[in-house]
Amino acid sequence: MHPSLSKDLTELTTERLVLRTWTAAEAAAVLDCAVGTRPADWAGDFPSEGDSVIASLLGDNPAWLGTYGHRLIIERDCSLVIGSIGLFWPPTDGVLELGYGVVASRRGRGYATEATRALAAFALTAPAVHTVAAGVELSNPASVRVLEKAGFERYATTAEDAEGTARFAITRHNRSGK
């Protein structure tokens, strides 16, 4: 299934998810959630540590709030925010880095793969992008499978220690409908 895009490019919709660009207010709410009130449309375990890190970086990286930046992952059937996925804009020599995370309560449902596949396909439509890349620690086999299922191919592995990293990429040329 191909993702659909809202006319203003802020929402990317898949079969079960909406990938919506972050707002500055949402980033502030993530940073304030430990001391403030949690929005009702957040899963009970959102934000994760990774979401908080991204929220803290959005102020210094305004392009990450744009069309080719970071997005919240929202379940379509209940409208709960369950994670985030993002593109680290701008690309370097045509390569754009992707990162993702789904909260523990929603893992194992294929959401990370669905979101990764959709955002990578969208990113490859940008004129300046020919490759979307991602790195994953080998100690996280579930994340390795996300990238493999999303059609990414492993092109490098570092194993300086037991916590080695694998690098994956998908290009305009090797995109498959997996």
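The values are calculated or read from the model by the stated rules, or taken from the named source; none is laboratory data. Just so we're clear, the structure is a prediction, and the values are computed from it rather than from any experiment. Methodologically, a virtual Cβ is constructed for each residue, glycine included, from the backbone with ideal geometry; neighbour enumeration extends over all protein chains shown. For accessibility, only protein heavy atoms count, side chains too; no ligands or nucleic acids. Shrake-Rupley method; radii C 1.70, N 1.55, O 1.52, S 1.80 Å.
Entry for region 11-69 at q = 0.16, 0.22, 0.30 Å⁻¹: log10 I(q)/I(0) = -0.54, -0.97, -1.31, Debye formula applied to identical alpha-carbon scatterers, no solvent contribution. With all protein chains in place and a 1.4 Å probe, the accessible surface of the chain carries 54 percent carbon and sulfur.
The long axis of helix 49-58 is offset from the longest Cα principal axis of the chain by roughly 90 degrees. Length gained on full extension, residue 104 to residue 32: 23.9 nm, using 0.36 nm per residue less the C-alpha separation.
Rolling a 1.4 Å probe over the protein heavy atoms gives region 102-145 an accessible area of 41 Å² per residue. With Rh defined as the Kirkwood radius, the inverse of the mean 1/r over Cα pairs, the Rg/Rh of region 46-149 is 0.95.
Available extension along the chain between residue 158 and residue 93 is 21.2 nm, counting 0.36 nm per residue and deducting the alpha carbon span. Against the chain, whose longest principal axis is taken from its Cα atoms, helix 111-123 shows a tilt of about 70°.
Counted over the chain, the DSSP beta bridges are approximately 90% antiparallel.
Rounded to the nearest 20 debye, the dipole size of the chain about its Cα centre is 720 debye, using +1 on the Cβ of Lys and Arg and -1 on the Cβ of Asp and Glu. Of the Cα atoms belonging to the chain, the radius of gyration and Dmax stand at 15.6, 47 Å.
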